[in-house]
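The values are calculated or read from the model by the stated rules, or taken from the named source; none is laboratory data. This is a predicted model, so every value here is computed, not measured. Neighbour counts are summed over all protein chains in view; Cβ atoms, including those assigned to glycine, are modelled from backbone coordinates with ideal geometry.
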Amino acid sequence: MKTWLDAWPVFRQLTGPDPLGRGAAARSKATEGVVSRTATADRVVQSVCPYCAVGCGQRIYVKDEQIVQIEGDPDSPISRGRLCPKGSASKSLVTSPTRVTKVRYRRPYGTEWEDLDLDTAMHMIADRVLEARRKGWQDENDGKRVNRTMGLASLGGATLDNEENYLMKKLYSAMGAIQIENQARI
Amino acid sequence: MAECHPVGFQWVSEAKARGAKIIHVDPRFTRTSAIADLHVPLRMGTDIAFLGGLIRYVLENDLYFKEYVVAYTNAAALVSEEFADAEDLGGLFSGFDPENNTYDESTWQYEPEEPPHSGSDDPAGAAEQDELEDHPEIRKTDKAQAAGSGGPPIAAKPKRDETLQHPRTVFQVLKRHFARYTPEMVAEVCGVEPEAFLQVARWVTENSGRDRTTAWVYSVGWTQHSVGAQYIRTCSILQTLLGNIGRPGGGILALRGHASIQGSTDVPTLYNLLPGYLPMPHAKQHESLDDYCADAAGKAGFWGNKRAYMVSLLKAWWGDAATAENDYAFDHMPRIDGDHSSYQQIKDMIEGKISGYFLVGENPTVGHPNGRMNRFGLANLDWLVVRDLQLIESATFWNESPEIETGELAPETIATEVFFMPAASHAEKEGTFTQTQRLLQWRHKAVDPPGDAKSDLWFFFHLGRILRERLAGSTDPRDRPLLDLTWDYPVHGPDQEPSAEDVLREINGVGPDGRAVSGYLELKDDGSTSCGCWIYSGVYADEVNQSARRRPGREQGQVASEWGWAWPYNRRVLYNRASADPDGKPWSERKKYVWWDEEAGRWTGVDTPDFEATKRPDYVPPEGARAQDAIGGSDPFIMQGDGKAWLYAPAGVVDGPLPTHYEPAESVVENALYKQQANPTIEHINGPWNRENPSLSPVFPFQVTTYRLTEHHTAGGMSRTLPYLSELQPEFFVEVSPELAALRGLVNGEFATLVSTRTAIEAKVLVTERMRPIRLRSGQVVHQIGMPYHWSYSGISTGDSANDLLGIVLDPNTHIQEDKVSTADIRPGRRPRGPELLEFVEGYRRRAGVESGRVGVNGREPVAAEAGEGSQQ
Ligand code: SF4
């Protein structure tokens, strides 16, 4: 009898130490059985939100080498654990079913995407870079030495890491490419 | 701020809870306005008039912070007799060249203390430098930025009048310049009633001074204008007059838009900059390393060490191949000689001048103004590489864009070869983002990227490796820079991922002992040190990745110096020497931040002092001192050549030494202050794909602005593809006032069509009092339309693209487009489809007296198309 009544939340609320029914009284067996993904994760990695420039701290929960949850990092003095709708949606960003994870290729005048092996794509791009570089090469312009190519250009986004921007600028400059831009101009 | 930097806004709310007054100046009522104590809706594009009004209020009522202004700014400097102000020339400053639409800045200089150039170490060199800089082409190449953030060299020390009474002191020039920016004029230009203006003026001035500070916060709402740099100049002048720079709770906070947009400026993938705001070498100005460093030779301040920064960068890039004999491989650097910025590139693409293009996490056909022009650019390439998470519109332009529907583009005519290379997300790679307060935060990697997805570090490292393998053994001198490049980063894992920490260490710099340097003060110009980005030097001090520090905020004080690492030298407030008075004492107990400790003989405080630790406040530079040693102990602005904040810019800002109100390039209002309607130095890019709406045209009678929503991210590639965010903001809409809705018969929840000389787009109508018509004193009513710009045809939530409506005109200082204000027509109903859309827009162009916008195949000039390349028409 006691057990049966105990299973009834209102009874627990009326007789127990939780008269408002917001704590222990409202808990059921099912609730007890629920464990958050953050508790069962294999590891937690500290990261930073990829959307805006506030730079909120994130904690990324990983189980079986899959990202199972991304939450705000309460340690961050910037964000104190908070994330806005975009930051809160970042798990769906990294696990999106429409993310493209295979190289896609569209040939000149083509009407369809085609498959392409990653390594082949890298070598094809390298060929084209060398060719564009040659086509647009200028030793001089207006009588002054310029040592550059006008054959290729680049536009980066504002989610590039500093290390990535650095390698890009270094490599492009060494190629002689100067038309290098970023969202930072926009 | 509440909309676009929502979690950052918690600190504004905290400040409000502690008694701060929050003022929101914005044409729209937003979530920020809802929290603010006062919302001031002003006519879009008139902020200089508004801020200029505040400057006048401060000057006329003697409310400026006198000790601060006299000691720390150039207020006392005398301006040359030859200078003529915009007030006297109908809106133009002296030195205007109407042929090139540029200024010769020589008349803006100070009156020298002694004959010109005698203050310089190298008078001949400085004179030559001046001459070169007067070349109109060099002026166009970002002279402001080309000089680095230290500003351009000033020819000589100015004469000073510490009483500020001489009529040619900067102080008096400033006072005269803004004398007509009265509350009534603010009402006339901005449509802000004098009561509201005076309320702002009172709150701002009451909260500035020894005991209190006021902060200003802006974002692209200020930069994306044809006078964007001048907007920020106006605010800087105001904040400097009020003594609000370099002090806690003060400053001007530029809220950058995206995760590492600050980093992308510091370690720039920008055509005119090298890492750390060093200028990209210019063909005419920088023929040798000596030329390149000439402007720093006699310069005070930390830019005086430019040679050490540059030689260390060259050593980082070209290692042993960079020697004293070959100018440290300075000639391995390619040269710029004009405006090579993003929009010029698109024009060049349409004209067939560019073969290949890399888009690395950027979606220009949606995120840039004038999507149609951008798509035409892509359609005329030989090849395009797109690196992203999803198939964004810039990758699918060849078979899905609006121009396919109009018949202007077709897959069968587009030769562009497209490689879509999947990218790793932020969780699948490690590295640093620099957030908006110059703070670098290291991200640890959580998991491996899926499938072919790779980091951009991987992509560029391996692309470089392959290129170098291809060219190995080449004797062509043009291949030397690639072959000599230091490119031996250790790789790890099955994917051969290069080590981001190793790259960060190279950015930090390495000393002669092979150990990471502790900061840029250790850098040398003799080739014994290397450093990839001098301002980031220190991020790897003590061989420790300082950006990965994560001591919880609750265990630290208000400055939280042990969370991440801020450049330079982990300083959280720049120019914080100004938080103390000239003697080094805090201006007040309440605003104590950094001060001189006489007993210890050093600067101390809650932040890293922005000054050499042991330089006394009474230090006077000896004759012949250079670089930081030439900056006095009471000159806090250590990056400026004179250690002072510039109320007036004697050089370096290409559209005038003082901010002046001009109407936007597309305006429905006549300039009430000057005969000159718009900024005379605006950069235009002309072609059938980029027509401009004439100002004051009844065909385009409404003002339009664009903005972001909390729930979406720029061009939408990272938000329109996600279900939660798409559910929160499911479709493209425009905000209009009830008055405009009544005027044009627009119905809430139904479609409206917006038209410009670029194209026409449709959106759902949101009738709201958050948008207010502005009533000017003249009786003119200005209707303003707001559009979020996140949408396009792909993803879960789709719609027309707001940016397709906008044209491209540029701020001449920054080459940033004016897309925060333009004009358009709006009418009820959906837009025409297919070729009818072209007819419809062409009709508008005709009625507005604008040239045709018709194009030939792939957006090329119709003439070129007729001359044998086949035509679509
Ligand atoms: S959670 Fe929101 S506010 Fe924080 S960084 Fe991400 S986008 Fe910005």
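Among residues of the range A:58-73 being within 16 Å of A:ALA89 (Cβ to Cβ) and crowded, with 24+ Cβ neighbours inside 10 Å, the one that is nearest to the other protein chains (Cβ to nearest Cβ) is A:ILE60. Only one entry in B:GLY19, B:GLY45, B:GLY52, B:GLY8 is outside any loop (DSSP other than H, G, I, E, B) and small (Gly, Ala, Ser), namely B:GLY52. In this entry, B:THR182 is excluded by the filter for residues that are within 17 Å of B:PHE65 (Cβ to Cβ), out of contact with any Pro (no Cβ under 8 Å at 6 or more places or on another chain) and modelled with pLDDT of 95 or more.
Total residues in the range B:741-771 satisfying the condition of being closer than 18 Å to B:TYR707 by Cα and basic (Lys, Arg): the figure is 2. Is there a residue in the range A:11-27 that is aromatic (Phe, Trp, Tyr) and more than 14 Å from chain B (Cβ to nearest Cβ)? The answer is yes; a qualifying residue exists. In summary, B:ARG744 fulfils each of the numbered conditions (1) surrounded by fewer than 20 Cβ atoms within 10 Å (Cβ to Cβ); (2) within 14 Å of chain A (Cβ to nearest Cβ) with the single exception of condition (2). Right, A:LEU167: surrounded by 24 or more Cβ atoms within 10 Å (Cβ to Cβ), without any contact (Cβ under 8 Å) to a residue 60 or more places away in the chain, within 7 Å of chain B (Cβ to nearest Cβ) and in a helix (DSSP H, G or I) or not? So A:LEU167 fits the description; yes. Go through the range B:421-447 and give me each residue that's under 17 Å from A:GLU164 (Cβ atoms), in a loop (DSSP other than H, G, I, E, B) and not polar (S, T, N, Q). Hits for the range B:421-447 are B:ALA424, B:LYS429, B:GLU430, B:HIS444, B:LYS445. Criterion applied to B:THR46, B:THR30 was being polar (S, T, N, Q), at pLDDT 95 or above, buried (at least 19 other Cβ atoms within 10 Å of the Cβ) and within 16 Å of the ligand (Cβ to nearest atom), and the one residue passing it is B:THR30. Of all residues in the range B:2-25, those that are touching a strand residue (DSSP E or B) at 6+ places or on another chain (Cβ under 7 Å) and under 25 Å from B:GLU195 (Cα atoms) total 3. A search for C-beta distances below 7 Å between a residue of the range B:334-363 that is at the interface with chain A (Cβ under 8 Å from one of its Cβ atoms) and assigned to a helix (DSSP H, G or I) and any residue that is crowded, with 24+ Cβ neighbours inside 10 Å and small (Gly, Ala, Ser), counting only pairs 6+ apart in sequence or on different chains, returns B:GLN345/A:ALA153; B:MET349/B:GLY377. Within the set B:GLN239, B:GLN262, the sole residue that is closer than 30 Å to B:SER822 by Cβ and more than 10 Å from chain A (Cβ to nearest Cβ) turns out to be B:GLN239. In the set A:SER76, A:SER88, only one residue is within 16 Å of the ligand (Cβ to nearest atom) and at the interface with chain B (Cβ under 7 Å from one of its Cβ atoms); that residue is A:SER76.
Yes/no matrix, rows are residues, columns are (1) within 30 Å of A:GLN58 (Cα to Cα); (2) among the aromatic types (Phe, Trp, Tyr); (3) at pLDDT below 95:
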position: A:ASP73; (1), (2), (3): yes, no, no
position: A:VAL100; (1), (2), (3): yes, no, no
position: A:THR120; (1), (2), (3): no, no, no
position: A:ASP139; (1), (2), (3): no, no, no
position: A:GLU163; (1), (2), (3): yes, no, no
position: A:LYS169; (1), (2), (3): yes, no, no
position: A:TYR172; (1), (2), (3): no, yes, no
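Taken as a whole, the range A:153-161 holds no residue that is more than 7 Å from chain B (Cβ to nearest Cβ) and modelled with pLDDT of 95 or more.
Consider B:SER537 carefully, then state whether it is among the polar types (S, T, N, Q) and free of Cβ contacts under 8 Å to residues at least 60 places away in the same chain. Yes, satisfied.
Mind checking whether some residue in the range B:730-737 is within 14 Å of another protein chain (Cβ to nearest Cβ) and touching a Ser or Thr at 6+ places or on another chain (Cβ under 8 Å)? Yes, that holds for at least one residue.
Number of residues in the range B:495-518 that are more than 13 Å from every other protein chain (Cβ to nearest Cβ) and surrounded by fewer than 19 Cβ atoms within 10 Å (Cβ to Cβ): the value is 6.
In the range B:319-333 there is no residue matching the filter, namely being touching a residue at least 12 places away in the same chain (Cβ under 8 Å), surrounded by fewer than 22 Cβ atoms within 10 Å (Cβ to Cβ) and within 7 Å of chain A (Cβ to nearest Cβ).
When the range A:53-63 is limited to residues that are in a strand (DSSP E or B) and farther than 15 Å from B:ARG554 by Cα, the one that is farthest from the ligand (Cβ to nearest atom) turns out to be A:LYS63. Within the range A:96-114, none of the residues are within 16 Å of the ligand (Cβ to nearest atom) and touching a residue at least 12 places away in the same chain (Cβ under 8 Å). Among the residues of the range A:35-52, those that are part of a loop (DSSP other than H, G, I, E, B) and more than 7 Å from the ligand (Cβ to nearest atom) comprise A:VAL35, A:SER36, A:ALA41, A:ASP42, A:PRO50.
Scanning the range B:810-828 for residues being of a type outside the set (Asp, Glu) and under 19 Å from B:SER219 (Cα atoms) gives a total of 10.
Among the listed residues B:VAL503, B:VAL491, which satisfies the condition of being in contact with a strand residue (DSSP E or B) (Cβ under 6 Å, 6 or more places away or on another chain) and modelled with pLDDT of 95 or more? None of the others qualify; the one that does is B:VAL491. Put simply, of A:VAL62, A:VAL34 the only residue that is more than 30 Å from B:LEU391 (Cβ to Cβ) and either touching a residue at least 12 places away in the same chain (Cβ under 8 Å) or of a type outside the set (Lys, Arg) (or both) is A:VAL34. Scanning the range B:448-488 for residues that are part of a helix (DSSP H, G or I), surrounded by fewer than 16 Cβ atoms within 10 Å (Cβ to Cβ) and among the acidic types (Asp, Glu) gives a single hit, B:GLU469. What single numbered condition from (1) in a helix (DSSP H, G or I); (2) of a type outside the set (Ser, Thr, Tyr); (3) more than 15 Å from A:GLY176 (Cα to Cα) fails to hold for B:GLU325? Evaluating B:GLU325 over (1) in a helix (DSSP H, G or I); (2) of a type outside the set (Ser, Thr, Tyr); (3) more than 15 Å from A:GLY176 (Cα to Cα) leaves (1) as the failure. Condition check: buried (at least 24 other Cβ atoms within 10 Å of the Cβ), within 25 Å of B:LEU805 (Cα to Cα) and at the interface with chain A (Cβ under 7 Å from one of its Cβ atoms). Does B:HIS426 satisfy that? Here the answer is no, as B:HIS426 does not meet what is asked. Residue check: A:GLN66 meets all listed conditions (1) closer than 26 Å to B:ALA560 by Cα; (2) more than 16 Å from the ligand (Cβ to nearest atom) but one, namely (1).
If you filter the range B:693-716 down to residues that are in contact with a His (Cβ under 9 Å, 6 or more places away or on another chain) and not in a loop (DSSP other than H, G, I, E, B), you find that the one that is farthest from the ligand (Cβ to nearest atom) is B:PHE702.
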